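The values are calculated or read from the model by the stated rules, or taken from the named source; none is laboratory data. As the structure is a prediction and not an experimental result, all values here were calculated from the model. With ideal geometry, Cβ positions are generated from the backbone for all residues, glycine too; neighbour counts draw on all protein chains shown.
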Ligand SMILES: *Cc1c(COP(=O)(O)O)cnc(C)c1O
């Protein structure tokens, strides 16, 4: 347990001799293992396992849990998660290449995302994964490629519903969107499936991301499932699955409350029963990215310089926006807030706090990891830890901006 009140919203990590630890070893040891030591993302194997186990305990057993690879596509992470979830959702050929190297069956890998190229569609067909079709045009292209290859495509339709997920960090449905086929057009597209070399699999509805309110999540899941049931009446074959999205977020900022997992689970049990009453064999899929990996990752960088400017202290590190765009508030956030940040190797009982700004080496004022936080008194050479960094960190950052070395990643 980290004995610092300001980190109330982060999960418990071990502290060994006043230093944050992961995998039974201090992060200093992990960080300084090599001689040139660029910043490091550490991912906690035990916490990933525990998070998935917790979700599975809360959800009814008939609900399938998929991992959205986009949240953290590191090969070792995806491979590890692949052993504990039921399926993987990918959104590019690159992610698909990683997914097919896991032990997840091809029928449980689905490929969503607008603008799939002919090459990507062909790759999906060759690998026999499910394609979540995002437009009528994409369906025709997929069917044409399938004909040429003499194969049948496994097709689900991604639906853009008329509703949205309320109170979400990012809304991905409702109104005009580049994602999915507008719900009102789905019956027409379903009639087009007949005669094409495709096998209808089901529907995919994804409304939004980073939501902490169980009520809002449950409401969106109810509406998504009802929509799937309604649209199934127009389907050419019984649906094999309904992927009703996810959107469960993690707490980042003071005052953020954890999602009430038990109520999401209880609600899922209710609505799944209803769906199975109508379609006894249908699988209900929930896809989660951030909720599975977000809390298991810590980003570490080293203090290179300390300076005082007009009364404010700046810790200048070798890491920042180029490695961790989201922590600087530049990845879709409306208002910049501090991620939980501390000095990893100053967590002993005799810690004295000071008020600091933590910045990176880039020549832009956007390169701000923490603004006016209370952190243990530090020195040059110490390690800054940014928590809640397992999702949308490494892969969602502009590594080549300003030409510094990229960060390292380790699953421990
Ligand atoms: C981004 C995305 C996800 C993952 O969202 P999280 O907020 O990380 O859980 C799941 N499904 C689709 C279709 C997505 O685009």
For this session: Return yes when residue 78 is modelled with pLDDT of 95 or more and out of contact with any strand residue (DSSP E or B) (no Cβ under 6 Å at 6 or more places or on another chain) and no when it is not.
Result: yes
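Given 181, 250, which one is out of contact with any strand residue (DSSP E or B) (no Cβ under 9 Å at 6 or more places or on another chain), within 16 Å of the ligand (Cβ to nearest atom) and closer than 27 Å to residue 109 by Cβ? Steps first, please.
Numbers: 181 fails: out of contact with any strand residue (DSSP E or B) (no Cβ under 9 Å at 6 or more places or on another chain).
Only one candidate qualifies: 250.
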Exercise. Quick check, is residue 354 within 16 Å of the ligand (Cβ to nearest atom), in a strand (DSSP E or B), modelled with pLDDT of 95 or more and surrounded by 13 or more Cβ atoms within 10 Å (Cβ to Cβ)?
Worked result: no
Problem set entry | Criterion violated by residue 88 - all others in (1) in contact (Cβ under 8 Å) with a residue 40 or more places away in the chain; (2) closer than 24 Å to residue 132 by Cα; (3) buried (at least 19 other Cβ atoms within 10 Å of the Cβ) satisfied | (1)
Seminar exercise, completed: Of the residues in segment 46-56, those that are in contact (Cβ under 8 Å) with a residue 12 or more places away in the chain, surrounded by fewer than 16 Cβ atoms within 10 Å (Cβ to Cβ) and over 16 Å from residue 88 (Cα atoms) number 3
Exercise. So which residues in segment 106-123 are surrounded by 16 or more Cβ atoms within 10 Å (Cβ to Cβ) and within 15 Å of the ligand (Cβ to nearest atom), if there are any at all?
Worked result: 108, 109, 110, 111, 112, 113, 116
Exercise. Quick one: would you say residue 295 is free of Cβ contacts under 8 Å to residues at least 60 places away in the same chain, outside any strand (DSSP E or B) and either surrounded by fewer than 23 Cβ atoms within 10 Å (Cβ to Cβ) or within 16 Å of the ligand (Cβ to nearest atom) (or both)?
Worked result: no
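Got a number for residues in segment 253-263 being modelled with pLDDT of 95 or more and either over 30 Å from residue 388 (Cα atoms) or surrounded by 14 or more Cβ atoms within 10 Å (Cβ to Cβ) (or both)?
Taking segment 253-263 first, the residues modelled with pLDDT of 95 or more are 259-263.
Next cut, either over 30 Å from residue 388 (Cα atoms) or surrounded by 14 or more Cβ atoms within 10 Å (Cβ to Cβ) (or both) only: 259-261, 263.
Counting residues in segment 253-263 that are modelled with pLDDT of 95 or more and either over 30 Å from residue 388 (Cα atoms) or surrounded by 14 or more Cβ atoms within 10 Å (Cβ to Cβ) (or both) gives 4.
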For this session: Please indicate, with yes or no, whether at least one residue in segment 27-41 is in a strand (DSSP E or B) and touching a strand residue (DSSP E or B) at 6+ places or on another chain (Cβ under 9 Å).
Result: yes
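Each row is one residue, and each column tells you yes or no for (1) assigned to a strand (DSSP E or B); (2) more than 20 Å from residue 65 (Cα to Cα).
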| site | (1), (2) |
| --- | --- |
| 186 | no, yes |
| 195 | no, yes |
| 216 | no, no |
| 238 | no, yes |
| 245 | yes, no |
| 250 | no, no |
| 264 | no, no |
| 287 | yes, no |
Seminar exercise, completed: residue 365 fails exactly one of (1) within 16 Å of the ligand (Cβ to nearest atom); (2) more than 26 Å from residue 249 (Cα to Cα), namely (1)
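Go through segment 198-214 and report how many residues are assigned to a strand (DSSP E or B) and within 11 Å of the ligand (Cβ to nearest atom).
Residues of segment 198-214 that are assigned to a strand (DSSP E or B), as a first pass: 198-205, 208-209, 211.
Narrowing further to those that are within 11 Å of the ligand (Cβ to nearest atom): 204-205, 208-209, 211.
Of the residues in that region, 5 qualify.
Specify which of the listed residues (302, 333) is within 16 Å of the ligand (Cβ to nearest atom), within 29 Å of residue 78 (Cα to Cα) and not in a helix (DSSP H, G or I). Even if it seems obvious, please write down each step before you answer.
Values: 302 fails: within 16 Å of the ligand (Cβ to nearest atom).
Selected residue: 333, the only one of 302, 333 that is within 16 Å of the ligand (Cβ to nearest atom), within 29 Å of residue 78 (Cα to Cα) and not in a helix (DSSP H, G or I).
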Seminar exercise, completed: When residue 314 is run through (1) free of Cβ contacts under 8 Å to residues at least 60 places away in the same chain; (2) within 16 Å of the ligand (Cβ to nearest atom); (3) over 19 Å from the mean Cα position of the chain (by Cα), the failure sits at (2)
